[in-house]
Structure formats: structure tokens, C-alpha cells
Amino acid sequence: MTTGGSKAALVVGSEFMHDLGSLFPVAMTLAGDELVFTFVSPGEAQEWVAGRSGSVLAGREARFVVHPQEQQVLVELAGTRIRALIVLAEDVAAAPVHAPLPGRWRDQMPCTVRIALDELARMLARCQHHAGGPDPLIDLDLTYRPDPDYHDRLDQAHEGVRPFIAPVRPMLSLRWRSATPGQRKAFLDELPDAPPGRGWLRRRRTVRVLGLELEVAR
């Protein structure tokens, strides 16, 4: 199994995303050191897996399980609690998550999410370095929330740019699973100030971290 708690899971998960290619991350859930992705990709299950048989992903042996009827592939990383469900049909109505509207804006999401995971892993490492104690464990969810300014931005943009404008805002919600008070304080002290009028509702703080909104429990 992966050692290093949530920090290590985020690092390996970022490498996993990179090696899987430009698949749209429609959902992600981290529970301690168990990390589960759901990706959307066009194509057929057998064709997608055929070019990846025997692949090493994130430096680990990968196991592929094809569900041809559902047009889904399960990918598991050996020695970790990290896996991905890849929904290979454009129509993702059968997926166990809500999929945002399609568009070219999705192309930038894999890189945006990976960069955010890397930064969160570094932040967890720094808070442990400052406060000491065991590896902190967190729960983390990736969701997409409607952007209330979407139509205004769409109306003001040139036609060629409109497909790249996201109708949703990617959001990471972080909850503490196992961390010392000092680790939590060190982590929160590193966050940028919340915008006026936002955050701290229901004991949560919402800030922007490298292109994503991060909602953190106090």
C-alpha cells in the first residue's frame, strides 16, 4: 500500500492522471489514502484498453477491468488504494456522478486538477514539517458547481473563445480526517485570505488555490 497518507496519495494520483492522458476528471474522492477518480473519455472500452495492456502507470503495475456493456473500464494501481473508473461513452447518463456540459473547456481541467493536487500535497508536507506529528489525513472531493457569471462571460466573449469558457467552477472540498491542531493551524495559516462576504459559513473557508476553489473545514 502507499505510505505517507493523504500526501502520498495526492502525489501518486497526480502522476496517475498524467499517465492516463487527457481524460476529463468528472469526479474525484480522497478518503485518507484511498483515492478514486471518475474520468470521461470518448471511444470504445476494448479499443481504449488495447493500447494500454501491460502499462505501468505512476511507476506501478496497472490492472484493467473492462465492463463492455456499461462501456466502462476500472483501472487499479498495484500496491495502492488508488483507482479510476473511466466512462468511455460520450453519453455519461449511466455514470455514478453528474457530468457537466461538454465543451473545449474540459481540455484544461486535467492539468488544472493535477496542479492543485500537487500543491495540496506540498501544503500537507509543509504543515507536517512545521507542526510535526504523523502524516495528516484528509478527505477531499472534486465537484463542479454552476458558474452564475457564465452567461455574462459568454455574451462578452468572441465566438471562437466561447467553447473554452467553463459553465461551471471546479471545487475541491477538504475535510480533516486525522490531523493535529498544530497541523490544521499551519495549513490554514498558509491559505490566502477569503474574499469579502464569502467563506467561514458553517465553519468552512473558501479560497482559490491555483485555479480551483478550495473549501476547507476549520
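The values are calculated or read from the model by the stated rules, or taken from the named source; none is laboratory data. Predicted model, so just to flag it, every value in this text is computed and none were measured. Using ideal geometry, Cβ is built from the backbone for each residue, glycine included, and neighbour counts are taken over all protein chains shown. Just the protein is used for accessible areas: all its heavy atoms, side chains included, with ligands, DNA and RNA removed. Shrake-Rupley method; radii C 1.70, N 1.55, O 1.52, S 1.80 Å.
The set of residues in region 20-71 being on the phi < 0 side of the Ramachandran plot, outside any strand (DSSP E or B) and open to solvent by 40 Å² or more (accessible area, probe 1.4 Å) consists of SER22, PRO42, GLU44, GLN46, GLU47, ALA50, GLY51, ARG52, SER53, PRO68, GLN69, GLU70. The single condition among (1) outside any strand (DSSP E or B); (2) crowded, with 16+ Cβ neighbours inside 10 Å; (3) at pLDDT below 85 that ARG184 does not meet is (3).
Checking each residue in region 139-162 for being surrounded by fewer than 14 Cβ atoms within 10 Å (Cβ to Cβ) and assigned to a loop (DSSP other than H, G, I, E, B) picks out PRO148, ASP149, ALA157, HIS158, GLU159, GLY160, VAL161. Answer with yes or no whether THR112 is part of a helix (DSSP H, G or I) and of a type in the set (Val, Ile, Thr). In short, yes. Summed over region 165-179, the residues that are outside any strand (DSSP E or B) and either at pLDDT 90 or above or under 14 Å from the mean Cα position of the chain (by Cα) (or both) give a count of 1.
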